[in-house]
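Colleague: Handing you a structure now.
Bear in mind that the values in this text are calculations on the coordinates, not laboratory data. Computed from a predicted structure; not experimentally measured. Here the Cβ positions follow ideal geometry from the backbone for every residue, glycine too, while neighbour counts run over all protein chains shown.
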Amino acid sequence: MADVLELRRNGVVMRVDPAEGGRIVSLVIAGVERILPKAQARAHEPALYWGCYAMVPWAGRLANGRIPTDKGDVWLEPNLPPSAIHGLGFDKSWKISERSETRVTMTCELRGLGWPFGGRALQTLTLGGKSLDLELEVGGYTRAGPAGLGWHPWFTRPSRGDLQLRVDAAEVLVVDADLVPTGAIRRVTPSEDLRPGPPLGDRRLDHVYVHAGSPAVVRWPDLELRIEYDTSLPTVVVHTPPEGICVEPQTMWPNAPLLAAAGVRETGLRTLEPGESLRATEGWAWGPP
């Protein structure tokens, strides 16, 4: 089993665990932990509730694990019944292909994981002086299949004071009782509107914001972190349980394969042919609030 990697720069310490889904398990900035550790997770199985991990080869929920294709339906084992959620890489071991004191590149083979399209994921994390660059790519499919990418960070809540969160989006997806998008879009309500960057207080959100503009901003009492992303990541899932908050830019809507097959547009779903790839990048930058 690979050891946990430690990257350092300008007093910032980041720890990455290749064996735990290639995830960031710690990010200490200004002497304070910003990533929710495993010890504070609500559960360890499935491995969804701590750190910051890549979502690949799809992001979010797939209703009943079903993916329609031209050759018939593909059924994935639901890991959060009744949904298959957040891809295949978050609980698999990633192989280190390159590393330095401030940068690590890892790969995850998708073949043999119940994913009939084959393929391989590649993730690079680069720690800057006051920044973190995240790169993710999937490709190498052996037959045409769906693809979506994103990151799922769990940020800590402060020991004193409150978090503020800004997401520049006026619309969210309508979801069913299982939090699976139906394909409809509605305007945000006042309690869901994060455009002013309000304190979160006791808001309990688990929402899919669409047509979101960069950056999203997480503000602790002592630090502001900007999550910068381009137009390939216009969907941002926000989850705010008591133990932490998640701000998840991604290329596709949750449940995109089923919605796209039903004729819903703008889901962000990509179908990759053999030889094609999908790539996404995201940047975190931090400084005083």
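Colleague: Using the eigenvalues of the Cα gyration tensor, what equivalent ellipsoid semi-axes result for the chain when each is taken as the square root of five times the eigenvalue, whole Å, largest first?
Modeller: On the way: eigenvalues 156, 115, 52 Å².
Three semi-axes, in Å: 28, 24, 16.
Colleague: Can I ask one more? Once phi is turned into ³J(HN,Hα) by the Karplus curve 6.51 cos²θ - 1.76 cosθ + 1.60 with θ = phi - 60°, what whole-Hz value does each residue of segment 15-29 show in order, with x for glycine and proline?
Modeller: Computed from phi, the couplings for segment 15-29 are 10, 10, 10, x, 6, 9, x, x, 8, 6, 9, 7, 9, 9, 10 Hz.
Colleague: Hey, what's the Cα Rg ratio for segment 205-289 versus the globular rule of thumb, 2.2 N^0.38 Å?
Modeller: Dividing the Cα Rg of segment 205-289 by 2.2 N^0.38 Å gives 1.27.
Colleague: Here is a follow-up. Looking at segment 66-170, which chymotrypsin sites (Phe, Trp or Tyr not before Pro) are in a loop (DSSP not H, G, I, E or B) and have at most 11 other Cβ atoms within 10 Å? Walk me through the numbers before you get to the answer.
Modeller: Numbers: sites: 75, 90, 94, 117, 141, 151, 154, 155; in loops: 90, 94, 117.
Within segment 66-170, no chymotrypsin sites (Phe, Trp or Tyr not before Pro) qualify (loop, at most 11 other Cβ atoms within 10 Å).
Colleague: So the label point goes 7 Å from the Cα of residue 40 along Cα→C-beta, right? Which residues of segment 228-256 then have their backbone N under 20 Å from it?
Modeller: Output list for this probe position: 238-248.
Colleague: Next up: For segment 36-152, what does the alpha-carbon gyration tensor say about shape, rounded, prolate or oblate, given a ≥ b ≥ c as the root eigenvalues, a/c under 1.5 as rounded, and a/b over b/c as prolate?
Modeller: Details: a/c = 2.36, a/b = 1.38, b/c = 1.71.
Here segment 36-152 falls in the oblate category.
Colleague: Quick one: if you stick a label point 7 Å off each Cα along the C-beta vector at residue 32 and residue 71, how many nm between them?
Modeller: The modelled label-to-label distance comes out at 5.1 nm.
Colleague: Could you give the spread of the C-alpha atoms of segment 130-289 along their three principal axes, from largest to smallest, in whole angstroms?
Modeller: 51, 36, 24
Colleague: Which one of 14, 261, 191 has its Cα pushed farthest toward the positive end of the charge dipole of the chain, where Lys and Arg give +1 and Asp and Glu give -1 at the Cβ?
Modeller: Selected residue: 14.
Colleague: Let me ask you something else. Under a GNM of the chain (C-alpha, springs under 10 Å), which listed residue has the highest mean-square fluctuation: 99, 160, 66?
Modeller: Largest GNM mean-square fluctuation: 160.
Colleague: In addition: Among the trypsin sites (Lys or Arg not before Pro) in segment 228-289, which ones are in a DSSP loop with at most 13 other Cβ atoms within 10 Å of the Cβ? Mind listing them? Kindly include the intermediate steps, with their values, before the conclusion.
Modeller: Details: sites: 265, 270, 279; in loops: 265.
Answer by residue number: 265.
Colleague: Mind putting a number on the dipole of segment 5-287 about its Cα centre? Charges go on the C-beta only, +1 for Lys and Arg and -1 for Asp and Glu, and I need it in Debye to the nearest 20.
Modeller: 260
Colleague: Ordered by residue, what ³J(HN,Hα) values in Hz, to whole numbers, does segment 149-157 give under the Karplus form 6.51 cos²θ - 1.76 cosθ + 1.60, where θ = phi - 60° and Gly and Pro are x?
Modeller: 9, x, 10, 10, x, 9, 8, 6, 8
Colleague: Counting alpha carbon pairs within less than 8 Å and at least 6 residues apart, what relative contact order, in whole percent, applies to the chain?
Modeller: 19
Colleague: Note the count of lysine pairs whose C-alpha atoms are less than 29 angstrom apart in the chain, limited to pairs 8 or more residues apart or on different chains.
Modeller: For the chain, the number of qualifying lysine pairs is 5.
Colleague: With θ taken as phi - 60° and the coefficients 6.51, -1.76 and 1.60, list the Karplus ³J(HN,Hα) couplings across segment 76-89 in order, rounded to whole Hz; mark glycine and proline as x.
Modeller: 9, 5, x, 9, 9, x, x, 10, 8, 9, 6, x, 10, x
Colleague: Moving to a separate point now. Indicate, rounded to the nearest 5 percent, the antiparallel portion of the DSSP beta bridges found entirely in the chain.
Modeller: Beta bridges within the chain, antiparallel portion: roughly 100 percent.
Colleague: Given the options 217, 238, 32, which has the most mean-square fluctuation in a GNM of the chain, springs set between C-alpha atoms less than 10 angstrom apart?
Modeller: 32
Colleague: Would you grab the residues whose amide H sits under 5 Å from the one on residue 185? Only those 5+ places off in sequence or on another chain, please, with H modelled 1.01 Å from N.
Modeller: Under 5 Å from the amide H of residue 185 lie the amide H atoms of 174, each far enough along the sequence or on another chain.
Colleague: Please go through segment 21-111 and write out the GluC sites (Glu not before Pro) that DSSP classes as loop and that have at most 16 other C-beta atoms within 10 Å.
Modeller: Answer in residue order: 101.
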